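Just so it is clear, none of the values below were taken in a lab; they were calculated from the coordinates. Predicted model, so just to flag it, every value in this text is computed and none were measured. Please note: Cβ atoms are built from the backbone with ideal geometry, for glycine as well, and neighbour counts cover all protein chains shown.
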Amino acid sequence: MAAMRKARLRRTTTETDVRVRLNLDGRGRARIRTGIRFFDHMLELVARHGAFDLELHARGDLEVDQHHTVEDVGLAFGEATRRALGSKRGILRAGYFLMPMDETLAVVALDLGGRPALVYKDLVRVRLVGRSPWTSMCRRCK
């Protein structure tokens, strides 16, 4: 049987403290706590649909902004994934996935060749992540 592809990582900066435990050969279980509930929910879904186990805890300067926490979680999760993949021997270099959900379609194309790139397009027109554009905003959020 092949060795389990796991990684454990801690990333600490002046703004955040992020701890990640990742098992790429898991069952889609997640224990996420970032202080940003919508972000936690999205990461839980990534683990569930990716069929890997993810334990991720982050403390950040949320009183300033959510930006540092989201950014450092992304960097830590990406590094943990790279470590868990090891030599990448025996896996395909690239893949894609489509997931229709309610009124959305999530599309992911992933290339593990080592060249970094991100293309992100959205139609979100709300001030806060997780806020529905179809509901009226509270006075404090306007």
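With an 8 Å Cα cut-off and a minimum separation of 6 or more residues, compute the relative contact order for segment 5-102 in percent. Provide the component values of the computation, followed by the final result.
Values: 168 pairs, mean separation 31.7, N = 98.
That works out to 32 percent.
At most 11 other Cβ atoms within 10 Å plus a DSSP loop assignment makes a site exposed; report the longest stretch of the chain without any exposed chymotrypsin sites (Phe, Trp or Tyr not before Pro). Can you show the working numbers first?
Values: sites that count: 120, 134.
Counting only loop sites that pass the neighbour cut-off, the longest clear stretch is 1-119.
Using only DSSP helix segments of four residues or longer, with each worth -39500 (n - 2.57), what per-residue ellipticity at 222 nm results for the chain after dividing by its residue count and rounding to 500? Walk me through the intermediate numbers first.
On the way: 2 runs with 33 residues, N = 142.
-7500 deg cm²/dmol, from helical runs alone.
Going through segment 24-116, which trypsin sites (Lys or Arg not before Pro) have at most 14 other Cβ atoms within 10 Å and a DSSP loop state?
Details: sites: 27, 29, 31, 33, 37, 48, 59, 82, 83, 88, 89, 93; in loops: 27, 29, 88, 89, 93.
Of the trypsin sites (Lys or Arg not before Pro), the ones in loops of segment 24-116 whose Cβ has at most 14 other Cβ atoms within 10 Å are 27, 29, 88, 89, 93.
Taking the Cα centre of the chain as origin, sum charge times position over the Cβ atoms of Lys and Arg (+1) and Asp and Glu (-1), and report the length of that vector in debye to the nearest 20. Before the final figure, lay out the partial values.
Details: 27 positive and 17 negative charges, 60 e Å.
Rounded to the nearest 20 debye, it is 280 debye.
Placing +1 on the Cβ of each Lys and Arg and -1 on the Cβ of each Asp and Glu in the chain, which of 64, 50, 97 has its Cα farthest towards the positive end of the resulting dipole?
Going by the charge dipole, the pick is 50.
Can you list which of the GluC sites (Glu not before Pro) found in segment 1-86 are DSSP loop residues with at most 13 other C-beta atoms within 10 Å?
Numbers: sites: 15, 44, 55, 63, 71, 79; in loops: 15, 63.
When the GluC sites (Glu not before Pro) of segment 1-86 are filtered for loop state and at most 13 Cβ neighbours within 10 Å, 63 remain.
Here are labelled values, [x] 1.15; [y] 0.97; [z] 1.08, and one is the computed Cα Rg over 2.2 N^0.38 Å for what I pasted. Which one?
Answer by label: [x].
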